[in-house]
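Notes to accompany the following structure.
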Amino acid sequence: MSSNAKLLTLDAGAWPDTYGEMAKPRMGFFTDTSICIGCKACEVACKEWNHVPEDFKGFTGKSYDNTLHLDADNWRHVAFIEQRLPAALDGDTATESLVQIAARRELEEDSGLDTLQEGEGLRWLMASDVCKHCSHAACLDVCPTGALFRTEYGTVVVQADICNGCGYCVPACPFGVLSKRKPDGRVWKCTLCYDRLRDDKEPACAQACPTNSIQYGELTELHERAEARLQEMQDAGQTSARLYGAHPDDGVGGFGAFFLLLDEPEVYGLPPDPVVTTRDLPGIWASTGAAAVALAVGIAAACIGGRR
Amino acid sequence: MPGLGTSFGRGGATTFQQDLQNSDVIVIQGSNMAECHPVGFQWVMEAKQRGAKVIHVDPRFTRTSAMADLHVPIRAGTDIAFLGGIVNYIIENERWFDEYVKHYTNATTIVDEGFRDTEDLDGFFSGWDPETGQYDISTWSYAGTEEHTAGGHKEQGAAVSGEQAHGAHGMKLDRGRPPKEDETMQHPRCVFQILKRHYSRYTPELVEEVCGIPKETFLQVAETLCQNSGRERTGAFCYAVGWTQHTVGVQYIRTAGIIQLLLGNIGRPGGGILALRGHANIQGSTDIPTLFNILPGYLPMPHPQAGPDLDTWVGNTSPRTGAWGDMRNYAVSLLKAWFGDAATGENDFCFGLLPRIDADHSHYAAINRMLDGKCPGFFVVGENPVVGSANGRMQRFALANLEWLVVRDVQLIETATFWKDSREIETGELKTEEIGTEVFFMPAASHTEKDGSFTNTQRLLQWHWKAVEPEGDARSELQWTFDLGRRVRRKLAGSTEPRDRALLNLTWNYTTQGPHDEPDAQEVLQEIGGRHADGSFVEKYQDLKNDGSTSCGSWIHAGVYKGGVNQAARKKPHTEQNWVAPEWGWAWPANRHIIYNRASADPSGKPWSERKKYVWWDEEQQKWTGYDDPDFVPDKPPDYQPKKNDIGLDALRGDSPFIIQADGRGWLYAPAGLMDGPMPTHYEPHESPATNPLYTQQQNPLRQRFNRPENPYNPTDPEPGWDVFPYVVTTYRLTEHHTAGGMSRTVPILSQLQPELFCEISPELAAERGIEHGDWATIVTSRTAIEARANVTDRVKPLRVEGRTIHQVGLPYHWGPGGIVKGDTANDLFPLVLDPNVHIQEVKAATCDILPGRRPRGPDVLRLVEDYKRRAGVKVVGE
């Protein structure tokens, strides 16, 4: 039982050790949503390269988002968050109209302009979401066929020729990334362009991104870059900016594809504190095992007792 | 674009997108750059990350606004009031860059005493002739010039306007100087004082009243712009068709030109005006034009009154001084490129074989002739006018009145299928079996299937190589056009008719290769780039001669094949050269990336500041040097003075950066070159819910109207019935689609991203009309009614204009009856009414009504529109 539990929870241990000399540095994405312009080039490049089929949801009315979420047919998804905010964020001036705020400003002294989000009472956030390639990936834990595996780059990939469509991984993902493709029946998701990586090329979405909102590279280096960018933004007064999925101690051991967000993850429809859904499995297995033993002992005892 | 051409000399962007990273402020207006030019927008983001301020002025809050520091909602069609307000702010508050303005612009020039301003004549400049509806522009000239209207303007008239005004860069000036100047800029008739008076009523209060922009917001923009201009700082303007597609579009761009000249932002890094083009090769298709009224390199097309000989035409259309002073060199070299050995000095280099234009032959004029049954055939290449052009109904009725129609496209677009799927079939106005038009659809090769070049938004030629052969019957434009020419010439072989000489004398002998007999595209580029008589390639346009010893298909491209190297195909990575990247592709002219860059140095040739260093005079080497190719005579010292009777570039002083202009200066005031005035003036759009508060003259008096039953106009305020169409309607594009949709509505993975036509309206308007978000809405004008999904959003704001609330309706125009995702066509709503200079349609501002629910089907929609027209009292000539 204990060896089984180890296999379930310590998949991270499978990489890089199991690859030996073939192991590569862990590769990932840093998606800086502060410079995402919502062009959806990532969605298109991904579909083009990976032959992901079209998926018509019609006019959804959700801002400019007609993709809605990640699934088997959408491996990149640009979220559009259109919100009206209080016209002023600084305390008792909250009731001022925009015109009043503008009038209040000392124009001669103020060479700068407040960011639009603060100034106009309206914000339109854009963010390109993708599979997080978790350090502790529950999808990988629960896959009975080994179709899901961790590559030499530390990424999590579904092998289409092995997936049997059982769907165990679908509810296992804390982000709802995985789904089955109709009518195919199998599960499809972002591979971090495994084929391109093996040819020393960056993933299609990162290459297509015109503003470098999607950055690809060695995860450790991306972390450094992200910290520096965050510092820069916070110094510029964007105090609600934060990194999401950059910390190795979070519920999934950090993401291979992490983000810089301008507000709480919930604003973007992301779980604030994701947890690998298989985290409690060892405990559950242990309890189940203990219960089973106890039950067996009890039954045996009863049987023995009954013969008495 | 004559807005840029008359201001600075050339009709191209003055800068390049990469240079935006050096800007301290970027004003994006009339453009949705993040959505329509996402790749170039990275440089705006670079600048912003560096601390530059980004301002977006637009009726809607778009993806560009979301990235900007400030979004300024504006009433569509009022940009001159806004920009004129900035001009007034600069002058009133003495914020202009004095040394730049005095030396590099025509601010000091004294204007003819007969000139009268719109301020004096209630919306008209002097010279208005109500009989012809045109201006006699003689009083607009510089005082003391012998010949009031040199340069193209002898031939200027309603029929022959616009781009050929590029040949009109001034008048005959001795030593490149205007006869009368006032260095102090105090003379009441000097350009500066005229400008000051002209814009004195464009106050922040007026801006608020006209544009619906709160005074404080306007002041914030004006002040930010001023603070980020000068010796140490520079600002840039970016515009696109949000400025051009108006009845005063050219003058919008002129106003930005005035601002940038006053602030000293032209010819300097981080400055400039970036004309963002609508397609990958729009710049290229005006440089080597698909337009009816210019020849390659912006040489004017001759008119019947141009006279039979070359020299009369050259004399009439070019000034003696400035780069156009050498026009005969360019013209003769062009004729040699086209007619080869047949062009000789004895026969005027076949000048007589060039066609003469006797009238407006632009797209819309041609459509009108088709409707009148006077134009039997039509080639449509790389265009989908029944979706992309104004008044789609009119377009379709015109096509149905042809004998034959040839459509070449990569997809089977609606222009080729109008006879079966247009809305007029549904309404019963057209019947398939009664349409006599014979339609030929010719499948076209895409850019990956042919060699060639794109000239992008910044005049940069980038070569692309064929990756695969085109499939099936698809062929490149080059192959098809070449083959068509060969076939026609075969038919004409042996003809002695004078009219056939032009075709028979053409050099039409490119080498062909490959399975489809594809002409060698590089041979075409070689012809464009120019050769000496011995076959060697010319280096630069200064090499061109007027005696027939050089040939050059487009003088502005001279040198694109210098040294026998396809300069446009160079692809040296930016990491291996300076930030200007001169070895990536090739920019006309002479691979200059920022043009007029002599202005990046002060009159004595020193950089204005270390921070804004670009091109400067090297005293030791006695030549201009810097990061870019100097847009100047390379060894002309800053203190150079021309001698009497010097011509061409020799006639311009060493401190004259605008070398195309006869006086070498940027034109705050354009004495020639534009049909509708030397200075931009606020006129309301042709259809508007507001009254022009400045003049009794409501709209641009020269706008081109087409009074016919297919083209009714909504009444405009203050005419009775205007309030039947109380809302402003404007069109635009989305990142997810390409223009008229031929290349995106046919692609599933693009179509899914924006699958349906929607209209963007404010919550307030939705409440006023009872429209629910996500439901259908019907938009009505006197042309037609269309349906769209309602996208009710805070991103569209109602504006306070003249004490009333004005609502605006936004419509992307990508849809039509064909393709994977179908929808009504927004351009069907718009009337045909044009800018007088370039014949461009006003589809960025008109009026409409909006209703909840879907539009009526079949002929019922006609009844709905008729009812509206009756209520509004719409009168149509000929009905």
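Read-outs: derived from the displayed coordinates by stated rules, not from any lab. These numbers were taken from a predicted model, which means no experiment stands behind them. Using ideal geometry, Cβ is built from the backbone for each residue, glycine included, and neighbour counts are taken over all protein chains shown.
Side notes on the structure shown:
- Exposure proxy order (Cβ contacts within 10 Å, fewest to most) of B:Phe349, B:Phe41: B:Phe349, B:Phe41
- Applying the Karplus relation 6.51 cos²θ - 1.76 cosθ + 1.60 with θ = phi - 60° to the range B:531-547 yields 3J(HN,Hα) values of 9, 7, 4, 7, x, 6, 7, 6, 8, 7, 5, 5, 6, 6, 10, 9, 10 Hz, where x marks Gly and Pro.
- Computed about its Cα centre, the charge dipole of the range B:660-720 is approximately 200 debye, with only Lys, Arg, Asp and Glu carrying charge at their Cβ.
- Neighbours of A:Gly251, meaning other residues whose beta-carbon lies under 13 angstrom from its beta-carbon, give a summed charge of -2 when Lys and Arg score +1 and Asp and Glu score -1.
- Ranking of B:Val439, B:Val728 by neighbouring Cβ atoms within 10 Å, starting from the fewest: B:Val439, B:Val728.
- 21 Å Cα-Cα threshold exceeded, pairs from A:Lys40/A:Lys132; A:Lys40/B:Lys53; A:Lys40/B:Lys571; B:Lys48/B:Lys571; B:Lys102/B:Lys180: A:Lys40/B:Lys53; A:Lys40/B:Lys571; B:Lys48/B:Lys571
- Mean Cα-pair separation over length for chain B, i.e. relative contact order, pairs under 8 Å, 6 or more apart, %: 18 percent
- Less than 5 angstrom separates the built amide H of A:Asn212 from none of the residues sequence-distant by 5 or more or on a different chain.
- Positive-end ranking of B:Ser688, B:His37, B:Thr847 along the dipole of chain B, with charges on Cβ about the Cα centre, is headed by B:His37.
- Over all Cα atoms in the protein assembly as shown, the spread is summed up by Rg and Dmax: 32.3, 135 Å.
- If you take all other residues with their beta carbon under 11 Å from the beta carbon of B:Gly271, and give Lys and Arg +1 and Asp and Glu -1, the sum is +1.
- Most positive-pole-ward Cα, A:Cys169, B:Ile282, A:Val44, against dipole of the protein assembly as shown from beta carbon charges: A:Cys169
- The overall shape of the range B:525-670 is oblate: from the C-alpha gyration tensor, with semi-axes ordered a ≥ b ≥ c, the ratio a/c is 1.5 or greater and a/b is no larger than b/c.
- Taking label points 7 Å from Cα along the Cα-to-Cβ direction, B:Lys540 and A:Leu295 give a separation of 9.2 nm.
- Residue exposure proxy: A:Lys40, B:Lys572, ordered by other Cβ atoms within 10 angstrom of their Cβ from fewest to most, comes out as B:Lys572, A:Lys40.
- Under 12 Å of direct C-alpha separation, and excluding same-chain neighbours fewer than eight residues apart, B:Lys466 reaches these aspartates and glutamates: B:Glu449, B:Asp451, B:Glu518, B:Asp520.
- Per-pair calculated FRET efficiency, R0 = 22 Å: B:Lys875 and B:Thr691 via Cβ, rounded to 0.05: 0.65
- Residue by residue, the range B:26-42 carries 3J(HN,Hα) couplings of 10, 9, 9, 9, x, 8, 10, 4, 4, 8, 9, 9, x, 6, x, 5, 4 Hz when phi is fed to the Karplus relation 6.51 cos²θ - 1.76 cosθ + 1.60 (θ = phi - 60°); x denotes Gly or Pro.
- Close amide H pairs (under 5 Å, H built 1.01 Å from N) link B:Val833 with B:Glu842, residues at least 5 positions away or on another chain.
- Charges were assigned to the Cβ only: +1 to each Lys and Arg, -1 to each Asp and Glu. The resulting dipole of the protein assembly as shown about its Cα centre is roughly 1720 debye.
- Converting phi to 3J(HN,Hα) with the Karplus coefficients 6.51, -1.76 and 1.60 and the offset θ = phi - 60°, the range B:350-363 yields 6, 4, x, 7, 5, x, 9, 9, 9, 6, 6, 10, 6, 3 Hz in sequence order, with x at every glycine or proline.
- Furthest towards positive pole of dipole, B:Pro515, B:Phe82, B:Tyr813, structure part chain B, Cβ charges: B:Pro515
- The amide H of A:Leu148, built 1.01 Å from its N in the peptide plane, has A:Gln159 as neighbours under 5 Å, considering only residues 5 or more places off or on other chains.
- Surface/4 of the Cα convex hull for the range B:799-879, nm²: 8.6 nm²
- Shielding of B:790-803 by partner chains, average beta-carbon count, 10 Å: 2
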